[in-house]
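First the structure, in the form of structure tokens, and then the observations on it.
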Amino acid sequence: MLYYKSKDNERFEEYKWVKIMLPLLRFFLGTTLAFLLLGPVLKYSGYITQKPIIALVIDDSKSLIQGETSLEQIKQSVSQLQNSLSEKYDVDIVSFSNIAQFATIDKLTASGTETNLSQVLRYTTEQYVNQNLGGVVLVSDGIYNAGSNPSFNAENYKVPIYSIGIGDTTVYADLAVSNVLHNSLAYLGNEFPLQIEVKASKLKGKQANMQVLLNGRTIQQKSLIISKEAFYFETDVIAKAQKLGQNKVEVRLTTFENEKNKENNTYIFYVEVIDGKKKVAIWADAPHPDLGMLRSSINNNKNYDATISLGNYKVESDFDLVVLHNWFSTSAQLVLYEKLKASGIPILLIIGDDFNSRFFNQGSQDIKFNASGRGRNSALPLVNGNFEYFEVDRSLASNIKKWPPLRAAFGKFKGYQPSDVLLYQQIGSVKTKEPLILLSARRRFRLGIVSGTGIWQWRLADFEQNESQDQVNDLVGKMVQYLAVKEEKKLLKVYASAKQYGVGEDVTLLGELYNQSLDPISGQEINIQLKNEEGEVYKHIMSASGNQYRLILQSLGPGVYQFTAKATVGGVPLLDRGYFTVVGQQKELVDLTADFNLLRQLSYSTGGIFAPFSDVNVIGQNLLLSKNIKSVIEEETKLEDLIKFQWVFWLLLSLLCIEWFVRKWAGGY
């Protein structure tokens, strides 16, 4: 309408259609722009064809290559099977031993320390929820030594399992220590029991000797008469803890010449002897499910004794750690916190609904919290890959992602280092850089902060996922182990990230170096001398990682290792010592008789077939000819912002260009 009232209206008197067209063009342009400001979304649908997925599940444990089949033969056959199936299916490879993970053929090592078939079957179904999983091809010897019976998992399996059996099913003459039940911890001066299980096959009438040694000294000997072809014997032995630290226990059996597997005639393990339990106090003003969960997880480690107090708090010097649940609601709680800190007692703080950041920020710690109102967030856990204080293995990191959210305080922390953060917060699908759990060691004081309540749900989720609570116990145990170290005024401290490792695992040594003012020093050399049980000494140098030093040791054999750390600060020589243990891969060597009957049962109960490794092509042909495994056509709906489409830009540009051209043509310029 403005065009009709403009002073230039008379210019277009002879072109009346121009007087109508120009306002319309401007109207359409303005209307389109106004509409786009509303953020319209375009919904459109289409159809996609999803090819069936075949999961090649490969046993990567050590027992798989103890027979005549080599790792290279397994890789070659699996590669050929993958290539042939790729003509019709999408093929993924999942390797497993103690944990399951996606892999490639070149990553197979056959060096796993145990076999958990039930876990990998459960893992495979979880990874392909709402996807067109057509079948599972299981390549294994059928021997499992961890987890539950995989037949229970197969009962509810919705896709066929095609089994390929590797190994020798022949029962040979064998005498083995099948298992030793024992505590991993004992107290100095106390007795600790061992329950030893021995089995024998095809050695009827033979006489064997069993010898039990503690730190190289024989504590018991027994003569065994093998009375039947399938022989089983169980006995109890009592040992006495007389030496602090790692104590080596050996069970040795007679080795007969006609035995094929002689590795299982000896069983070696270690028992740590300590002087007393570490005391952990859990303080709270009111009951909460988190309290029982924390006490149970902490007491799962026999080295700790956790107790709950609801009021009547008393600061005791023999506390190794105090957990403050839903703390800092009053100034009195701030006073108790400062008393603990002044006594050098490490603290784990769990922030609850009554948390008042004003009292917390009055504390003498470096970390502060800027609250944004009284709101709370549902914060999912997200592992920080740059966390340095202890190792979070891939299995644990993978499970943590599936744990439920905590009810976290709304605000921002400051005064911490990125490497202090164990878990970040994920709000919905948004990954934030706000800590969910952080562990700090500043000014000789160790402080852990969990920024929300609800960790009791993690224990339930862990059991639902893994039929155990080992993962959440492991996480809580590592946090407590790191925090429950009273800071001694040592200028050099070097310690292992764990007391015990398995063969093939990386061993991590961590170090801290301070000057006379107790300020951390980086960039100095820390020399490490590592000595094994044979007295061989290896020299290493720790490298600095921020204010912390780190040394990763690889390919260590089984045994107890002692290390001596040396450094010089201001001309003063400093010294620290420690030890750790590497435990051998005995589980995989106890039983080497392949169990094809179990593999057949898994296949037949799910509608699949079984084939020995020599007939691996039978599995491939059966899958390629199968008419039951089909592609799925699915409707795909997408939502897209209208403003993102290029044609909208060209439409607006065209309206402007047409208006300019018409005005130019009609003499408007």
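Quick notes on this one:
- Projected onto planes of every orientation and averaged, the convex hull of the alpha-carbon atoms in segment 581-632 covers 6.7 nm².
- Using R0 = 41 Å, the C-beta based FRET efficiency linking residue 307 and residue 256 works out to 0.20.
- For segment 605-644, the C-alpha radius of gyration sits at 2.21 times the compact-globule guess of 2.2 N^0.38 Å, with N the residue count.
- Nearest-0.05 FRET efficiency for residue 622 and residue 191, computed from C-beta distance (R0 41 Å): 0.10
- At an R0 of 60 angstrom, the distance between the Cβ atoms of residue 604 and residue 16 translates into a FRET efficiency of 0.10.
- Along segment 276-281 the Karplus relation, 6.51 cos²θ - 1.76 cosθ + 1.60 evaluated at θ = phi - 60°, assigns HN-Hα couplings of x, 6, 8, 9, 10, 9 Hz to successive residues, with x for each Gly and Pro.
- Linear extension gain, residue 372 paired with residue 339, 0.36 nm per residue minus alpha-carbon span: 9.0 nm
- Summing charges over neighbours of residue 219, with a neighbour being any other residue whose Cβ is under 15 Å away from its Cβ, gives +3 when K and R count +1 and D and E count -1.
- For a label point 7 Å along the Cα-to-beta-carbon line of residue 172, residues of segment 65-80 with backbone N under 18 Å: 65-71
- The chain - charge dipole about Cα centre, Lys and Arg +1 at Cβ, Asp and Glu -1, debye rounded to 20: 2060
- The simple spin-label model puts a point 7 Å past each Cα toward its Cβ; for residue 184 and residue 485 those points are separated by 1.8 nm.
- With the charge dipole of the chain set up from +1 on Lys and Arg Cβ and -1 on Asp and Glu Cβ about the Cα centre, the Cα lying farthest toward the positive end among the listed residues 466, 38, 134 is that of 38.
- Hull volume per residue, based on the alpha-carbon atoms of segment 492-583 and their convex hull, is 84 Å³.
- Subtracting the Cα-Cα distance of residue 412 and residue 579 from 0.36 nm times their residue separation leaves 56.2 nm of extension gain.
- Fully extending the segment from residue 386 to residue 433 would add 15.7 nm, taking 0.36 nm per residue of separation and subtracting the current Cα-Cα distance.
- Evaluated at q = 0.09, 0.11 Å⁻¹, a Debye calculation over the C-alpha positions of the chain (equal weights, vacuum) places log10 I(q)/I(0) at -0.96, -1.25.
- Here the contact order of segment 20-100, divided by its residue count and restricted to Cα pairs under 8 Å and six or more residues apart, works out to 42 percent.
- Taking segment 182-338 and dividing mean pair separation by its residue count, relative contact order in percent (alpha carbons under 8 Å, at least six apart): 21
- At 1.306 mPa s and 10 °C, Stokes D of segment 174-273 from Kirkwood alpha-carbon radius, µm² per second: 113
- Ellipticity estimate at 222 nm from DSSP helix runs (n ≥ 4, -39,500 (n - 2.57)) divided over the chain, nearest 500: -7500 deg cm²/dmol
- Built from the Cα atoms of segment 278-483, the convex hull projects on average onto 10.5 nm², one quarter of its surface area.
Values in this text are rule-based calculations from the coordinates and carry no lab data. Owing to the predicted nature of the structure, the values given are computational and were not obtained by experimental measurement. Virtual Cβ from ideal backbone geometry, glycine too; neighbours counted across all protein chains shown.
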